[in-house]
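Worksheet for the structure shown next.
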Amino acid sequence: MKNFNYSIPTKIFFGKDQIDVLASQIMQYGSKVLLVYGGGSIKRIGLYDKVVKILQNNGITFWELSDVQPNPRITSVRKGVNICKENQVDLVLAVGGGSSIDCAKVIAAGYYYDGDAWDLVVDPAKIQKVLPIASILTLAATGSEMDFFAVITNTDTNEKLGTGHPDFNPKFSILDPTYSFSVPAIHTAAGTVDIMSHIFEVYFEKTEGAYLQNRMAEALLKTCIKYGKIAIEEPENYEARANLMWASSLAINGLLGYGKKSVWSVHPMEHELSAFYDIIHGVGLAILTPHWMEYVLNDTTVDNFVQYGVNVWGIGDTEDKYQIARQAIQKTKEYFASLGLPATLREVGINEDKLEIMAKQATRNGKVGNFMPLDSEDILNIFNASL
Ligand code: NZQ
Ligand code: ZN
């Protein structure tokens, strides 16, 4: 296990009716808030009215940035920055999924930056100071409610880039699983795969002695496999939604990665798919992951797949390492299909046309991943296998 400094500063208020803490938590940072949300789901489930009432009843002034799109755009960020600067907002409150939270994070950084907010996405080192951020989560997926990353898309340049800063960790996040009862099956499935992929990105890694991290990762994977299916079949099953929601946060908040040296593989590839084709992040991950697994399976990685097959999927009927590894990959593929997710790029409207440019863009900063470092040719092979 490698050295690490543990810090996960976000306060989590988990469970039914935890929204009761909203006003008192906000008031620790001030009384002027920018509310950031998406295309209307929070209005349909009555959450918007609830939040507005709490703010009004407690003398908290607020402005709104609505219509944040999935794969949030830099144009939304710019609008939010202007509102914050004009009104000297004290805190940015996202209500929704990862897209609203990510947008809120870069707005919070843009408030203190004189240039164009896109600079802060391209170069996180330019982020000097960040307004306090908070979230009310409605979709278990990205873990943005408890991490310090944000992913923003620039449709002018076909770029979708990740940025980050320690102060992007929300000051507090309210996780009430009942708010996710209304998440449609496709987003429940995509969210489950996103959580699993965040775990895979740190689990498939070769640091010696990170036994504890690997066992925790397996517990989280098993949780996703069990409850992803149940949440789709019974959208209002509280235990399913609760387990997925907490898994979403724990998968990416640092807990699994501390003591390891993980460099992510499948996410940089997927971000190109959603940058060029605006597809759902978790859907892209579901298509690419099994092909990535097949591509990187070799004598140096097979033991990791055996560990995965035995501990997560309970494969125990053979001694042959490659057989276990291949069965585990097959089970992963079958599980994603059982959630109703597409298995090929063509099903989401992606053909050969842009594979090469996407593979090049994915390696703009060099090889991708450290489990098996991939150059643009490797990525092109994985894209082609995924067609
Ligand atoms: O826009 P609204 O109307 O709110 O609808 C959303 C949206 O259409 C809907 N939704 C959310 N909660 C709902 C609901 N519908 C009904 N009931 C609810 N309770 O779901 C759709 C997707 O929402 P979105 O926020 O886009 O999904 P997600 O949370 O998966 O976020 C995806 C974005 O996060 C980035 C992705 O790349 C993508 O841009 N990521 C962010 C990360 C991070 N910050 O650490 C890491 C991830 O790997 C990921 O890259
Ligand atoms: Zn992700």
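The values are calculated or read from the model by the stated rules, or taken from the named source; none is laboratory data. Computed from a prediction, not measured in an experiment: that's the story for all the values here. As a convention, Cβ positions derive from the backbone with ideal geometry for all residues, glycine included, and neighbour counts pool all protein chains shown. Note: accessible area is taken over every heavy atom of the protein model, side chains too, but ligands, DNA and RNA are not part of it. Shrake-Rupley method; radii C 1.70, N 1.55, O 1.52, S 1.80 Å.
Show me 274-283, 113-122 ranked by packing, highest mean number of other Cβ atoms within 10 Å first.
On the way: 274-283: 21.4, 113-122: 17.4.
So the peptides 274-283, 113-122, ranked by packing, come out 274-283, 113-122.
Computing the accessible area with a 1.4 Å probe over protein heavy atoms, can you report the carbon and sulfur percentage for the range 309-375? Before the final figure, lay out each step's value.
Values: 1640 of 3580 Å².
Result for the range 309-375: 46 percent of the exposed heavy-atom area is carbon or sulfur.
Expressed in nm to one decimal, what extension gain is obtained for the pair Lys206 and Met1 from 0.36 nm per residue of sequence separation less their Cα-Cα distance? Could the numbers behind the result be given before it?
Numbers: separation 205, 0.36 × 205 = 73.80 nm, distance 1.03 nm.
Working it through step by step, the gained length comes to 72.8 nm.
With a 1.4 Å probe and every protein chain left in place, work out the accessible area per residue of the chain in Å², rounded to a whole number. It would help to have the intermediate numbers written out before the result.
Working: 15600 Å² over 387 residues.
Per residue, the chain has an accessible area of 40 Å².
To the nearest 10 square angstrom, what accessible area does Ile174 show with a 1.4 Å probe?
Spelled out: Ile174, probe radius 1.4 Å, area about 0 Å².
Could you tell me the distance between the Cα centroids of the range 143-170 and the range 294-326, to the nearest Å?
Rounded to whole Å, the Cα centres lie 33 Å apart.
Among 350-361, 185-196, 258-269, what's the highest-first ranking by average C-beta atoms within 10 angstrom per residue?
Packing order, densest peptide first, comes out as 185-196, 258-269, 350-361.
Roughly how big is the range 185-385's charge dipole about its Cα centre, with Cβ charges of +1 (Lys, Arg) and -1 (Asp, Glu), in debye to the nearest 20?
Working: 17 positive and 26 negative charges, 82 e Å.
Dipole of the range 185-385, to the nearest 20 debye: 400 debye.
So for the chain, what are the equivalent ellipsoid semi-axes in whole Å, largest first, each being the square root of 5 times an eigenvalue of the Cα gyration tensor? Could the numbers behind the result be given before it?
On the way: eigenvalues 233, 106, 75 Å².
Whole-Å semi-axes of the equivalent ellipsoid: 34, 23, 19.
In whole percent, how big is the carbon plus sulfur part of the accessible area of the range 167-296, probe 1.4 Å, protein atoms only?
Values: 2250 of 3890 Å².
Whole-percent figure for carbon plus sulfur exposure: 58.
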